[in-house]
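**Q** Have a look at the structure that comes next, please.
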Amino acid sequence: MKKFFETVVEKILMVSGTITSLTIILIIVFLFSQATGLFNSSVVEENHSLVVNSQNRVQTLTPMQIKDIFDQEITSWIEVGGEDEDIIVFRFSDITSYVSEEELGDEFQFIPQVMSKIINENPAIIAFLPDQYLPNPTDGTRVMDCGDITLGDFFGGEEWFPTAQPAPLFGVLPLILGTLWVSLAAILFALPFGLAGAIFLSELASSRVRSLLKPIIELLAGIPSVVYGFFGLVVIVPLLQDWFNLAVGETALAGAIILAIMALPTIITVAEDAIRSVPRTIREASLALGASKFQTIVKVVIPYAVSGIMAAVVLGIGRAIGETMAVLMVTGNAAVIPTTLLEPVRTIPATIAAELGEAPTGGVHYEALFMLGVILFVITLVISITVEIIASKRPKQIM
Amino acid sequence: MKRKTLIQNIAFGIFRLMALSVVAILVWIIGFLVVKGAGALSWEFITESPTDGMTKGGIFPAIVGTLCLVVGSMVFAFPIGVMSGIYINEYAANNWVVKFIRVMTNNLSSIPSIVFGLFGMALFVNTLGFGDSILAGSLTLGLLVLPIVIRTTEEALKTIPDTYRQGSYALGASKLTTIRKVILPMAMPNITTGLILAVGRVSGETAPILFTCAAYFLPKLPTSIFDQVMALPYHLYVLATSGTDIEAARPVAYGTALVLILIVLIVNLLAGVLRGYFNKKLR
Amino acid sequence: MKKVILLALAAVMTFGASAQKLKGSDTVLPLAQKEAESYSVVNKSSNVSVTGGGSGVGISALMDGSTDIAMASRKIKLDEKMKLQESGNTVIEKVIAKDALAVIVNPNNKVSQLTREQLEQIFTGKITNWKEVGGADLKIVVYSRETSSGTYEFFKESILKNKNYMASVLSMPATGAIIQSVGQTPGAIGYVGLAYLTPSVKALKVSYDGKTYIEPSFANSKNGTYPVVRPLFFYYTKKNEAKVKPFIDYVMSKDGQKIVGEVGYIDVL
């Protein structure tokens, strides 16, 4: 009986032991299941179509071309492989400027006929219509087949216009680059301070100073990211604007500074552990050979602990890449490919946080945001595996 | 020889200065918030609801909401986290299973909080149909802090010398009895430290509750676990960015930030005290 | 008479005193929050919760039943309406207030009026320097709301004539952040609801015909001379009507509409 009880408890404990693995699998399943619909969605907005005159030679348009046509950046069909005719852009709400409201019928039942008439009279038209009002395809009109959103559109696209009509643009390149840009800059700022802090703590500080500093670093790690964001918004952003005489204060730089502060505790703690794990004998050997303490640190201790320090850096980058609220509040969130630190950027986490609330559940935009989540997840997974590998290499270096 | 010491002195000076600047940053942030926020803090501030479009009144509902989320997530994460810590350290042999679990736990802790938010929204809010609720928010936050609880439990158990286990076995106690009567009581203060740190983390997280439970304004306190709640970090975010008169809301925002910082301070202090107590006891 | 109405209201309220959830547009949010605040004074047993997120989120919450009223700063979209109808819900629309959008710049900016065409060119990136519209030689920094907010879409429809904003606009998660940033950035331009105007920013006069420039003000918005005005909506489903009616009636009442004015929107009495 007692034995049985023990086995049951052990099994229960085992099950709870697997929960983290289970969670990760669930996260993967759910993120992917919500996101995969994206590449089966048509380029043109759901339940809508682009209709042209059947005489029109242009068979298909890319999302970018559609956007440029409707923004009147492209004004002639010749630019997209058609006749030399000026494009007439037609949105559904324009219908009343072509015909009177009475002609549409009491329940708008005549719209398809009216539309085919309009399209036949204007060969150079491109009409963006809800599917239930499509004109009869035999009437000299043609629904343009623009295909589905492709991997290339998504990962290679340079413009992020998730709510553009008729064709939303989901180019994640500026978001991915923005995220990496801010995170790498943050680590560059944090690394010297983090390394100095770690060396100070492990090699120079007396145990009293150390016991004073450790809690402070933990405190720095404990401050919620939204507080950092708030601090950045009211202090760092105006400060940067003043110092650099910038047009805008919300810049990648502001984000990088805040992220650097947030990554510091991780870097210091992990790097300090690595430096501490350097065997005493190695240090003493160096000192015995007449090296100064500083020389020992630079020439012996740091090279020995380098993989641990690398792990600290990578871990810090991971923290920075995933950080949401602070970045959302200070970086300005402009979806452009970054070129300097002094311009606004938009990161992946900030995009998800800012847009998910507004995206209709299950829609293309919603799926695209989950795809961003997948990207973020994969990046952090790669980072954490890298750390694992770096850290496991450490013992081999001893000899 | 002299140059060598000179370089060393300069280098160490720089190290000291840089380490000091880390302290300076913390002092700057906390000092700034204390100076700006202290004026807003009062008994009314923490016991009253927001009024006048959030520019006046207090943050009581947000405090209650954060409390609900803390309790909810701990009810979920604490038992499971401690149990899985016990399993890893006491039961599982040091084989690939443990290795795998450890890697997975590490991976889980490195997943960004916004991804937890996405996941919580997909699973708890939509698929399981909890809606935006304390339940959905607590479960999401619970998963987020699970690695912290597991790791501290594991570390707490590791510090207990094997002699105690062997002693217990020698007296004829079973494994379960040993864990229950000997190991857990000894490790409890340190496990509690992990719990407290997890509480600190939960009370400060915004991204995971953005889509799973946080509300902008609620006139009443929540009555069931299927209600939405206001929460301190989300409230600060809202105060900092929305509202009709952002300047007028600033004092409240500073006050809220200060309350959040105070929670973190208290949490860290408590954890430190407990750790000290534990170490003394073990000696 | 008023007392009778109040009593009747109170009777209906106790009937439907269960919790009402409002979700949606951040523009309507402050108004709904104040309405809920004062409604709870009139009706002690009321429990109205208000959550933001945006017009889109409100309407999709209405679809899956996680809210009773969707607040929206734009008209419901055709496919949203169709989705609701597919699930057997008839959606009811209520205009609870109107909101004028003001174009704002830094107070130190010399420019005080712009035509719609100029605004379109600024927001689509064709005009990039203030000197092109009669101001100082200063780079224009364009602030916008997040892509899917109702405000973003309305401004796009009304001022940009449905063209897309340029990619490098700074998108702010909420209106308050736009005010904050425009207030401290010399070359900034942005748009906010009239209700949000503070002395830290300057509102521009806008002209649609190129001749008369109209100042954004309550009077001009109410009498229809200021062109950039949009209705604010409550959407709810027919089957929930009994539950949400008391609150909506309160919002539409004289007291409720007085709050509309206090918050800075235009009442629809």
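The values are calculated or read from the model by the stated rules, or taken from the named source; none is laboratory data. Computed from a predicted model, the values in this text were never measured in an experiment. Every residue, glycine as well, gets a Cβ built from its backbone with ideal geometry; the counts of neighbours run over all protein chains shown.
**Q** How do the strands (runs of 3 or more DSSP E) wholly within region C:166-235 filter down when requiring 2 or more residues that are within 14 Å of the chain's Cα centre (by Cα) and touching a residue at least 24 places away in the same chain (Cβ under 8 Å): which remain?
**A** On the way: elements: C:170-172, C:188-193, C:205-207.
Where strands (runs of 3 or more DSSP E) fall fully within region C:166-235 and carry at least 2 residues being within 14 Å of the chain's Cα centre (by Cα) and touching a residue at least 24 places away in the same chain (Cβ under 8 Å), they are C:188-193.
**Q** May I pose another question? Of the residues B:168, B:109, B:174, only one is within 28 Å of residue A:34 (Cβ to Cβ) and of a type in the set (Ser, Thr, Tyr); which?
**A** On the way: B:168 fails: within 28 Å of residue A:34 (Cβ to Cβ); B:174 fails: within 28 Å of residue A:34 (Cβ to Cβ).
Every option except B:109 fails the conditions.
**Q** Let me ask something additional. Would you confirm, using the coordinates I've provided, whether residue A:222 is at pLDDT below 90, closer than 30 Å to residue B:255 by Cα and within 28 Å of the chain's Cα centre (by Cα)? Step through it out loud before you land on a result.
**A** Working: at pLDDT below 90: yes; closer than 30 Å to residue B:255 by Cα: yes; within 28 Å of the chain's Cα centre (by Cα): yes.
For residue A:222, the condition - at pLDDT below 90, closer than 30 Å to residue B:255 by Cα and within 28 Å of the chain's Cα centre (by Cα) - is met.
**Q** Continuing with the same structure: Pairs, please: C-beta under 6 Å, at least 6 apart or cross-chain, first residue on the phi < 0 side of the Ramachandran plot and in region A:362-379, second surrounded by fewer than 21 Cβ atoms within 10 Å (Cβ to Cβ)?
**A** Final answer for the pair search is A:364/A:41; A:367/A:37.
**Q** Can you say whether residue B:39 is out of contact with any strand residue (DSSP E or B) (no Cβ under 7 Å at 6 or more places or on another chain) and either within 12 Å of chain A (Cβ to nearest Cβ) or among the hydroxyl-bearing types (Ser, Thr, Tyr) (or both), as far as the supplied structure shows?
**A** Numbers: out of contact with any strand residue (DSSP E or B) (no Cβ under 7 Å at 6 or more places or on another chain): yes; either within 12 Å of chain A (Cβ to nearest Cβ) or among the hydroxyl-bearing types (Ser, Thr, Tyr) (or both): no.
Against the criterion (out of contact with any strand residue (DSSP E or B) (no Cβ under 7 Å at 6 or more places or on another chain) and either within 12 Å of chain A (Cβ to nearest Cβ) or among the hydroxyl-bearing types (Ser, Thr, Tyr) (or both)), residue B:39 does not qualify.
**Q** Only one residue in B:124, B:119 is within 8 Å of another protein chain (Cβ to nearest Cβ), of a type in the set (Phe, Trp, Tyr) and closer than 30 Å to residue C:62 by Cβ. Which one?
**A** B:119
**Q** A follow-up question, please. What's the number of the only condition in (1) in contact with a Leu (Cβ under 7 Å, 6 or more places away or on another chain); (2) in a loop (DSSP other than H, G, I, E, B) that residue C:143 fails to meet?
**A** (2)
**Q** Criterion first (out of contact with any strand residue (DSSP E or B) (no Cβ under 7 Å at 6 or more places or on another chain), closer than 30 Å to residue C:223 by Cα, buried (at least 17 other Cβ atoms within 10 Å of the Cβ) and within 12 Å of chain A (Cβ to nearest Cβ)) does residue C:34 satisfy it? Spell out how you get there, then give the answer.
**A** On the way: out of contact with any strand residue (DSSP E or B) (no Cβ under 7 Å at 6 or more places or on another chain): yes; closer than 30 Å to residue C:223 by Cα: yes; buried (at least 17 other Cβ atoms within 10 Å of the Cβ): yes; within 12 Å of chain A (Cβ to nearest Cβ): no.
Here the answer is no, as residue C:34 does not meet what is asked.
**Q** Can I ask one more? Surrounded by fewer than 18 Cβ atoms within 10 Å (Cβ to Cβ), more than 7 Å from every other protein chain (Cβ to nearest Cβ), among the hydroxyl-bearing types (Ser, Thr, Tyr) and within 26 Å of the chain's Cα centre (by Cα), is that true of residue B:47?
**A** Values: surrounded by fewer than 18 Cβ atoms within 10 Å (Cβ to Cβ): yes; more than 7 Å from every other protein chain (Cβ to nearest Cβ): yes; among the hydroxyl-bearing types (Ser, Thr, Tyr): yes; within 26 Å of the chain's Cα centre (by Cα): yes.
Here the answer is yes, as residue B:47 does meet what is asked.
**Q** Pick out the one residue from A:112, A:137, A:123 that is surrounded by fewer than 18 Cβ atoms within 10 Å (Cβ to Cβ), at negative phi and in contact with a Leu (Cβ under 8 Å, 6 or more places away or on another chain). Write out each step before concluding.
**A** Numbers: A:137 fails: in contact with a Leu (Cβ under 8 Å, 6 or more places away or on another chain); A:123 fails: in contact with a Leu (Cβ under 8 Å, 6 or more places away or on another chain).
Exactly one of A:112, A:137, A:123 is surrounded by fewer than 18 Cβ atoms within 10 Å (Cβ to Cβ), at negative phi and in contact with a Leu (Cβ under 8 Å, 6 or more places away or on another chain), namely A:112.
**Q** Would it be correct to say that residue A:182 is away from every other protein chain (no Cβ under 13 Å), touching a Gly at 6+ places or on another chain (Cβ under 7 Å) and of a type in the set (A, V, I, L, M, F, W, C)?
**A** Numbers: away from every other protein chain (no Cβ under 13 Å): yes; touching a Gly at 6+ places or on another chain (Cβ under 7 Å): yes; of a type in the set (A, V, I, L, M, F, W, C): yes.
It is true that residue A:182 is away from every other protein chain (no Cβ under 13 Å), touching a Gly at 6+ places or on another chain (Cβ under 7 Å) and of a type in the set (A, V, I, L, M, F, W, C).
**Q** Can I ask one more? Being more than 30 Å from the chain's Cα centre (by Cα) and of a type in the set (A, V, I, L, M) is the filter; apply it to region A:33-61 and report the residue that is nearest to residue A:149 (Cα to Cα).
**A** By that ranking, first place goes to A:50.
**Q** Could you give me the residue pairs with C-beta distances under 9 Å whose first residue belongs to region A:72-90 and is closer than 25 Å to residue C:165 by Cα, whose second residue is among the small types (Gly, Ala, Ser) and part of a loop (DSSP other than H, G, I, E, B) wherever it lies, and which are 6+ apart or on separate chains?
**A** Cβ pairs passing all conditions: A:76/A:82; A:76/A:124; A:77/A:124; A:86/A:124; A:87/A:124; A:88/A:124.
**Q** A follow-up question, please. Which numbered condition trips up residue A:188, out of (1) modelled with pLDDT of 90 or more; (2) farther than 26 Å from residue C:142 by Cβ; (3) within 10 Å of chain B (Cβ to nearest Cβ)?
**A** Residue A:188 satisfies every listed condition except (3).
**Q** Can you confirm whether region A:129-152 contains a residue that is closer than 30 Å to residue A:377 by Cα, more than 24 Å from the chain's Cα centre (by Cα) and away from chain B (no Cβ under 14 Å)? Don't jump to the end; show me each part of the working.
**A** Going residue by residue through region A:129-152, those that are closer than 30 Å to residue A:377 by Cα are A:147-152.
Filter once more, so that each one left must be more than 24 Å from the chain's Cα centre (by Cα): A:147.
From the residues that got through so far, the ones that are away from chain B (no Cβ under 14 Å) too are A:147.
Checking region A:129-152: at least one residue is closer than 30 Å to residue A:377 by Cα, more than 24 Å from the chain's Cα centre (by Cα) and away from chain B (no Cβ under 14 Å).
**Q** Under 8 Å between Cβ atoms, at least 6 apart or on separate chains: pull out the pairs that start in region A:161-172 with a residue that is facing another protein chain (nearest Cβ under 7 Å) and end on any residue that is of a type in the set (Val, Ile, Thr) and outside any loop (DSSP other than H, G, I, E, B).
**A** none
**Q** Then there is this: Looking only at region A:140-164, count every residue that is polar (S, T, N, Q) and surrounded by 19 or more Cβ atoms within 10 Å (Cβ to Cβ) and tell me the total.
**A** Initial filter on region A:140-164 (polar (S, T, N, Q)): A:141, A:150, A:163.
Okay, now just the ones that are also surrounded by 19 or more Cβ atoms within 10 Å (Cβ to Cβ), so A:141, A:163.
Residues meeting the conditions: 2.
**Q** Answer yes if at least one residue in region A:33-52 is surrounded by fewer than 19 Cβ atoms within 10 Å (Cβ to Cβ), touching a Pro at 6+ places or on another chain (Cβ under 9 Å) and of a type outside the set (Ser, Thr, Tyr), and no otherwise. Can you show your working first?
**A** Initial filter on region A:33-52 (surrounded by fewer than 19 Cβ atoms within 10 Å (Cβ to Cβ)): A:33, A:36-37, A:39-42, A:46-47.
From the residues that got through so far, the ones that are touching a Pro at 6+ places or on another chain (Cβ under 9 Å) too are A:47.
Still in the running and of a type outside the set (Ser, Thr, Tyr): A:47.
Within region A:33-52, one or more residues are surrounded by fewer than 19 Cβ atoms within 10 Å (Cβ to Cβ), touching a Pro at 6+ places or on another chain (Cβ under 9 Å) and of a type outside the set (Ser, Thr, Tyr).
**Q** Working only within region B:141-158, note down all residues that are within 12 Å of chain A (Cβ to nearest Cβ), surrounded by 24 or more Cβ atoms within 10 Å (Cβ to Cβ) and of a type in the set (Val, Ile, Thr).
**A** B:145, B:149, B:150, B:153, listed by residue number.
**Q** Could you run through region C:228-245 and say how many residues are more than 18 Å from residue C:31 (Cα to Cα) and in contact with an Asp or Glu (Cβ under 9 Å, 6 or more places away or on another chain)? If you could, list the steps in order and put the result at the bottom.
**A** Applying the first criterion (more than 18 Å from residue C:31 (Cα to Cα)) to region C:228-245 yields C:228, C:237-243.
Now restrict to residues that are in contact with an Asp or Glu (Cβ under 9 Å, 6 or more places away or on another chain): C:237, C:240, C:243.
Going through region C:228-245 one residue at a time, the tally reaches 3.
**Q** Looking at C:249, C:209, which is the one that is farther than 30 Å from residue A:174 by Cα and not assigned by TED's automatic domain parsing to the domain that holds residue C:87?
**A** Going through C:249, C:209 in turn, the sole match is C:209.
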